[in-house]
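These notes concern the structure reproduced below.
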Amino acid sequence: MADETQARVPTPDPALRRLDRFVGRWSMEGHLVGSDEITVRGETTFRWLPGGFFLEQQASIDFLGLQIESQELIGYDPETGTFPSTVFSNLSPSPLPYRWEVDDDTLKISVSHGLLDATFTGAFEKDGDGFRGGWRPAPGADEKINVPYDIGGRRPLSRVLRHASRDDLAQPRVGHRLQPGLFLDHAVDQHGHRGLAERPGPGRRVRQDRAEGEDVAGR
């Protein structure tokens, strides 16, 4: 009976693995189209919910002085091969539907709901620890609401580095497990500073400390 029940338990679609590269924290910076002044700053964090069917994004962004706080749940639609999502924001009384398309190193996010009608098109950098792209309004969409801007993200150097001892810095604990699914690895931030960053998966593991719990996605 137990075996029959276990056989009926659904498992995540393998296509969801395309979202693995987002897991972790990202430092975000952006600017309006036609300007080099950084007017968009913030941080976003991705993690798998238990079961591995949905990727959660928690974002905190300062957009031209307007603070945006949001939670997004991203799933998978096998009929379209895309990743529909639902965004809950401090700026909207109702959930907002988005749709993600992830293919190799490219990313497309679109929304067409009410006055919102825009698409983000971007790509990952070669090291996989950064991406850049831009939001553009659809033809005829109100640009006061669908503001065109470019934005990029990098995995920030871990706060562990700033609190590490001199001995720790001399022999960094690459592969040290910080939280389920994340490890420390060598990285370079957007300013060229070297240090340690959080990455999904083991990376170039030298030593992995034991940690309570396993990856919530069961990987």
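Every number here is computed from the coordinates shown, using simple stated rules; none is lab data. These figures come from a predicted structure and were not determined experimentally. Note that we place each Cβ from the backbone using ideal geometry, even for glycine, and neighbour counts take in every protein chain shown.
At a glance:
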{"read-out": "Projected-area average for the stretch 1-85 over all orientations - Cα convex hull basis, square nanometres", "value": "7.7"}
{"read-out": "Note, ³J(HN,Hα) from phi for the stretch 118-134, Karplus 6.51, -1.76, 1.60, rounded to Hz, x at Gly and Pro", "value": "8, 9, 9, 10, x, 8, 7, 6, 4, 7, x, 9, x, 8, 9, x, x"}
{"read-out": "Karplus (6.51, -1.76, 1.60) ³J(HN,Hα), θ = phi - 60°, over the stretch 45-59, in Hz, Gly and Pro reported as x", "value": "10, 10, 8, 7, 7, x, x, x, 8, 9, 9, 9, 10, 10, 10"}
{"read-out": "Cut-off under 5 Å, modelled amide H: who pairs with residue 129 long-range", "value": "none"}
{"read-out": "Length-normalised contact order for the stretch 14-154 - Cα pairs under 8 Å, 6+ apart - percent", "value": "18"}
{"read-out": "Potential extension, residue 79-residue 94 segment - 0.36 nm per residue separation minus Cα distance", "value": "2.8 nm"}
{"read-out": "In nm, spacing of pseudo-spin labels at residue 41 and residue 104 (7 Å Cα→C-beta vector)", "value": "3.6"}
{"read-out": "Lys/Arg +1, Asp/Glu -1 at C-beta; the stretch 14-154 dipole; positive extreme among 66, 24, 152", "value": "24"}
{"read-out": "Note, ³J(HN,Hα) from phi for the stretch 73-78, Karplus 6.51, -1.76, 1.60, rounded to Hz, x at Gly and Pro", "value": "10, 10, x, 9, 10, x"}
{"read-out": "Protection proxy ranking of 35-41, 115-121 - average other beta-carbon atoms within 10 Å, highest first", "value": "115-121, 35-41"}
{"read-out": "Simple spin-label estimate for residue 145 and residue 121 in nanometres, 7 Å along Cα-Cβ", "value": "2.3"}
